[in-house]
1. Going through segment 160-186 one residue at a time, which ones are modelled with pLDDT under 80 and either over 24 Å from the mean Cα position of the chain (by Cα) or surrounded by 12 or more Cβ atoms within 10 Å (Cβ to Cβ) (or both)?
2. Quick one: is Thr380 modelled with pLDDT under 85, over 23 Å from His403 (Cβ atoms), out of contact with any Ser or Thr (no Cβ under 8 Å at 6 or more places or on another chain) and surrounded by fewer than 19 Cβ atoms within 10 Å (Cβ to Cβ)?
3. Looking at Ile115, Ile135, can you tell me which residue is in contact (Cβ under 8 Å) with a residue 40 or more places away in the chain, surrounded by 17 or more Cβ atoms within 10 Å (Cβ to Cβ), touching a helix residue (DSSP H, G or I) at 6+ places or on another chain (Cβ under 8 Å) and not in a helix (DSSP H, G or I)?
4. Those residues that are over 14 Å from the mean Cα position of the chain (by Cα) and either hydroxyl-bearing (Ser, Thr, Tyr) or within 15 Å of Leu204 (Cβ to Cβ) (or both), I need them from segment 99-135; list them, please.
5. Among (1) of a type outside the set (D, E, K, R); (2) within 20 Å of Pro102 (Cα to Cα); (3) modelled with pLDDT of 95 or more, there is one condition Pro238 misses while meeting the rest; what is its number?
6. Out of segment 80-118, which residues are over 12 Å from Leu267 (Cβ atoms) and β-branched (Val, Ile, Thr)?
7. Quick check: is even one residue across segment 123-131 touching a strand residue (DSSP E or B) at 6+ places or on another chain (Cβ under 8 Å), at pLDDT 85 or above and over 30 Å from Ile237 (Cβ atoms)?
8. Do we find a residue being surrounded by fewer than 17 Cβ atoms within 10 Å (Cβ to Cβ), among the charged types (D, E, K, R) and either part of a loop (DSSP other than H, G, I, E, B) or modelled with pLDDT of 85 or more (or both) anywhere in segment 39-49?
Amino acid sequence: MERIGKYEVRKLLGEGATSSVYLCFDPFSQQEVAIKRLHPEMLRATDHTTLYHHMLLNEASLAGKLHHPHIVRILDAVIEDRDAYVVMEYVPGGTLEPFTRPDNLLSFERLVEIIFKCTRALDYASLQGVTHRDIKPANVLLTAPGGQDIKISDFGAAIFTASETTRLSGLGSPAYMSPEQVREEPLDHRTDIYSLGVLMYQLLTGRLPFECSSKVSLVYQIAHETPPPPSSLRPEIPPELDAIVTRAMQREPAGRYATWRDFSHDLAAAYRNRALVADRQAPPDSEKFERLRAFRFFREFNDVEIWEVVRLAEWHLIPPDTVVMKEGEPGNYFCFVVEGELRIVKQKHLLNVLSPGDCFGEMALFSAGRGARTASVETTRETRILTIRAPALLRASSLCQMHFYKGFLEVLASRLSLANSRIASI
């Protein structure tokens, strides 16, 4: 059986000019992995070899550093004179490349979800001091065929500090480079914002904003010209998406989104303003993320933990005058009001009214499902709630759980303070 180091080779996944990617099996962790390995001829001592080694070292240096649900994990690396490879988690859904053809474009809904997740992952990387520098369809992987969960890969061209710009100039894919990147100027996160704008343009229209027969002509157009808006190539593109691409691809960095959060916000707003989501029972992940991020309860959760909550929670749209929790019944779950209104009733007496951001039913968590509900909770109008069951919370990371328990204590303290105020006023 062929091996790469300790890893058993299953099959070749893809091959490029400098490296090949293999599906392998790690006998120690008992899981499939992907291994990117430099071609043997790339190991001979030349200027190009030094560059390719540096790019592989770039990726290897990220092992254990970028922990995000939408970034490919680097598990291991070997960089030697006779062999050089990086071991990554295996992401089976393929790349976004097939969806850049005019006859195979994504729905607007799926496209916005994918780009939103890219913005959050790149914001996380930026906060760790990493600028990707090579955002393109081949470097965005789908976790499952036909899905909309993604992982960004290939940080070989990444820069970690501004001082690296000159030493690693010229890396990246020309068609997706920002004007400052083709001019080999100092870069920051806004170069990735531009490149993601190009990717979004291509996914919307099936073509690149600048298409030239020579690299010299391409570089000139990127540096000096403005591409036609996506809607001029595909009239049914919503104006909101046209505007997002236009802003992300401004020639001057100061004209682009200043932060990834601004970019993300406009993408999420595109759903709400255009009603792109047909199924009101299941809001898109981008909307879930934005809603939770805005609630006071989740203010200390970082982005990775917010994504955990998105995945472990159940989202329900409840009709008016529906009993969500009934007094006296046991329960092992708690809820948050996302939109709408609920009333808390005990023995037919109104105790409180809940509005978006409020949680309820959390005391069941502390009784491990054995305690009875002390009051009923009913909707007063159509209401969307988020439900988290105790077993699901136990699967969350320890930091995520800690933030939940801290939040519950703050809620309890607030309720006790309110109760004391009411008693004092009697």
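The values are calculated or read from the model by the stated rules, or taken from the named source; none is laboratory data. Predicted model only: the values in this text are computed from it and were never measured. Ideal geometry is used to build each Cβ from the backbone, glycine not excepted, and the neighbour counts take in all protein chains shown.
1. Our first condition is that a residue be modelled with pLDDT under 80; within segment 160-186, this holds for 160-172.
Answer for segment 160-186, where residues must be modelled with pLDDT under 80 and either over 24 Å from the mean Cα position of the chain (by Cα) or surrounded by 12 or more Cβ atoms within 10 Å (Cβ to Cβ) (or both): Phe160, Ala162, Ser163, Glu164, Thr165, Thr166, Arg167, Leu168, Ser169, Gly170, Leu171, Gly172.
2. On the way: modelled with pLDDT under 85: no; over 23 Å from His403 (Cβ atoms): yes; out of contact with any Ser or Thr (no Cβ under 8 Å at 6 or more places or on another chain): yes; surrounded by fewer than 19 Cβ atoms within 10 Å (Cβ to Cβ): yes.
Criteria not met by Thr380.
3. When all the criteria are applied, what remains is Ile135.
4. Within segment 99-135, Phe99, Thr100, Arg101, Pro102, Asp103, Asn104, Leu105, Leu106, Ser107, Phe108, Glu109, Thr131 meet the criteria.
5. (3)
6. First pass over segment 80-118, keeping only residues over 12 Å from Leu267 (Cβ atoms): 80-107, 110.
Within segment 80-118, Val86, Val87, Val91, Thr95, Thr100 qualify.
7. Scanning segment 123-131, I find at least one residue that is touching a strand residue (DSSP E or B) at 6+ places or on another chain (Cβ under 8 Å), at pLDDT 85 or above and over 30 Å from Ile237 (Cβ atoms), so the answer is yes.
8. The answer is yes; a qualifying residue exists.
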